[in-house]
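Read the structure below first, then the notes.
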Amino acid sequence: MSDQDEYLARPDLGREISDATATQLRDDCIHAPDVQLIVCDGLSSTAVDANIGDLLPILTDGLEERGFTVGTPLFVEFGRVDVMDAIGEELEAEVIVNLIGERPGLNTAKSLSAYLVYGPERGKPTAKKSVISNIHPDGLPAIEAGAQIVELVATMHDQQGSGLDLE
């Protein structure tokens, strides 16, 4: 993808990775982590700028304190939610957390969502994914969101599922 206009016009793009990217991931990243963190600018790079500085360290520290191995954090420009499946499959991660900028316009451009999936694989249905949304200073603050994401990852790990598979 070359620019934001193409991203907006082509929702089919941004869900998959190239063969070269898959090879680079396998060569350069931690293989088979318990949790792989991904940041996508999605529909709002403002949301990433407003939240990631506080959220990413809280997540990493919280996950490691719970005994999870955390993969090499990745940034995906023009990424969509489902890119998490392709990356997770290539890295053989147990859980993927995709932190992605939400659609601006609902009072703020600073809103981020966290999509989580257990056992990522290409084509995994949305119903098998969990989400925590409205992460922003006037909604769910990054510090609280980090704690909620860590708890959800632990639940997913214990129940070996996400989305509708969770009890």
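The values are calculated or read from the model by the stated rules, or taken from the named source; none is laboratory data. This is a predicted model, so every value here is computed, not measured. We place every Cβ from the backbone using ideal geometry, glycine too, and count neighbours over all the protein chains shown.
For this structure, a couple of remarks:
- Ser130 vs. criteria small (Gly, Ala, Ser) and more than 22 Å from Ala32 (Cα to Cα): no
- Qualifying residue in the range 50-72 (condition: among the hydroxyl-bearing types (Ser, Thr, Tyr), in contact with an Asp or Glu (Cβ under 8 Å, 6 or more places away or on another chain) and either surrounded by 21 or more Cβ atoms within 10 Å (Cβ to Cβ) or within 21 Å of Lys124 (Cα to Cα) (or both)): no
- Qualifying residue in the range 29-45 (condition: surrounded by 14 or more Cβ atoms within 10 Å (Cβ to Cβ), in contact with a Gly (Cβ under 8 Å, 6 or more places away or on another chain), hydroxyl-bearing (Ser, Thr, Tyr) and at pLDDT below 95): yes
- The single residue among Ala86, Ala93 that is in contact (Cβ under 8 Å) with a residue 24 or more places away in the chain, assigned to a helix (DSSP H, G or I), within 20 Å of Ser130 (Cα to Cα) and out of contact with any Phe, Trp or Tyr (no Cβ under 8 Å at 6 or more places or on another chain) turns out to be Ala86.
- Check on Asp165, surrounded by 18 or more Cβ atoms within 10 Å (Cβ to Cβ), farther than 17 Å from Leu59 by Cβ and either of a type in the set (A, V, I, L, M) or modelled with pLDDT of 90 or more (or both): no
- Residue in the range 127-134 that is part of a strand (DSSP E or B), of a type in the set (Val, Ile, Thr) and touching a helix residue (DSSP H, G or I) at 6+ places or on another chain (Cβ under 9 Å) present: yes
- Restricting attention to the range 66-119, the residues that are touching a strand residue (DSSP E or B) at 6+ places or on another chain (Cβ under 6 Å), modelled with pLDDT of 90 or more and of a type in the set (Gly, Ala, Ser) add up to 5.
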